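Scroll down for the structure; my scribbles are underneath it.
The values are calculated or read from the model by the stated rules, or taken from the named source; none is laboratory data. Not measured: the values here are computed from a predicted model. All Cβ positions, even for glycine, are placed from backbone atoms using ideal geometry, and neighbour counts span all protein chains on display.
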Amino acid sequence: MRILVVEDDATLADALARALRAERFAVDVARDGIDGGHLGSTERYDAAVLDLGLPGRDGVSVLRGWREEGRDLPVLILTARDGWSDKVAGFKAGADDYLTKPFRTDEVVLRLRALIRRAAGHAAARVTCGALAYDTQLGSFELDGLPLRLTALEWRVLTQLMLRREAVIERLDLIERVYEGDADVDSNSVEVIVGRLRRKIGAAMIETVRGHGYRLTAGSAA
């Protein structure tokens, strides 16, 4: 899971990034509307946290631009503006959710998880695939009812596969949604992570679709 944070308050942006990384998300941060708009237009993100009062280009303009380009990533607006007209402008531009400052970072995490889950087409908080279960509210996995211990990279890959279970996910898509923008990514990194996941959940559950990518299936977890 990769999140874009567009926030000009450096202290707040850093606090959000730390909180999200502590929950194993990959995070890119933009400090103005111009950079934020560009990143949201050119990179793949699972969700964005967007301030309205940005230098260079305001948040409503950034969001409207994404939607006009066909970018459908879920967007959570964070802003000190609590007027009804500001909320209306944000939702009309294409926002999915709205929080006013001050706020709790754990609420941001919960709202982002819910937005990502719904964007993937899941109404229920618990997503299952065979013996594997994912609690989207807690961000935790279970296998046969037992907690599954995962590294941050393993969690990001498995979450992508789980939310789009039975669908083929391209290798490049996984790379772009698992690593932060400044990461030095080895060409075989995803294969290594998938290999580790197969040892933890069962090789039959992650199918390699040659020439395309990977698919999580309800195969045997043995």
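Some notes on this structure:
- Residues of region 130-148 that turn out to be touching a residue at least 24 places away in the same chain (Cβ under 8 Å) and surrounded by fewer than 19 Cβ atoms within 10 Å (Cβ to Cβ), as a count: 7
- Within region 98-111, the set of residues being charged (D, E, K, R) and surrounded by 19 or more Cβ atoms within 10 Å (Cβ to Cβ) comprises just one member, Arg111.
- Region 20-31 residues that are not assigned by TED's automatic domain parsing to the domain that holds Asp173, paired with ones that are aromatic (Phe, Trp, Tyr) and not in a strand (DSSP E or B) (beta carbon under 7 Å, 6 or more apart): Arg24/Trp155; Ala26/Tyr179
- Scanning region 1-52 for residues that are modelled with pLDDT under 95, over 16 Å from the mean Cα position of the chain (by Cα) and surrounded by 23 or more Cβ atoms within 10 Å (Cβ to Cβ) yields a total of 2.
- Those strands (runs of 3 or more DSSP E) lying entirely in region 136-222 with at least 1 residues within 19 Å of Ala47 (Cβ to Cβ): 140-143
So that you can scan it fast, the table gives a plain yes or no per residue for (1) surrounded by 12 or more Cβ atoms within 10 Å (Cβ to Cβ); (2) in contact (Cβ under 8 Å) with a residue 40 or more places away in the chain:
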site: Val127; (1), (2): yes, no
site: Leu174; (1), (2): yes, yes
site: Gly181; (1), (2): yes, yes
site: Asn188; (1), (2): no, no
site: Arg199; (1), (2): no, no
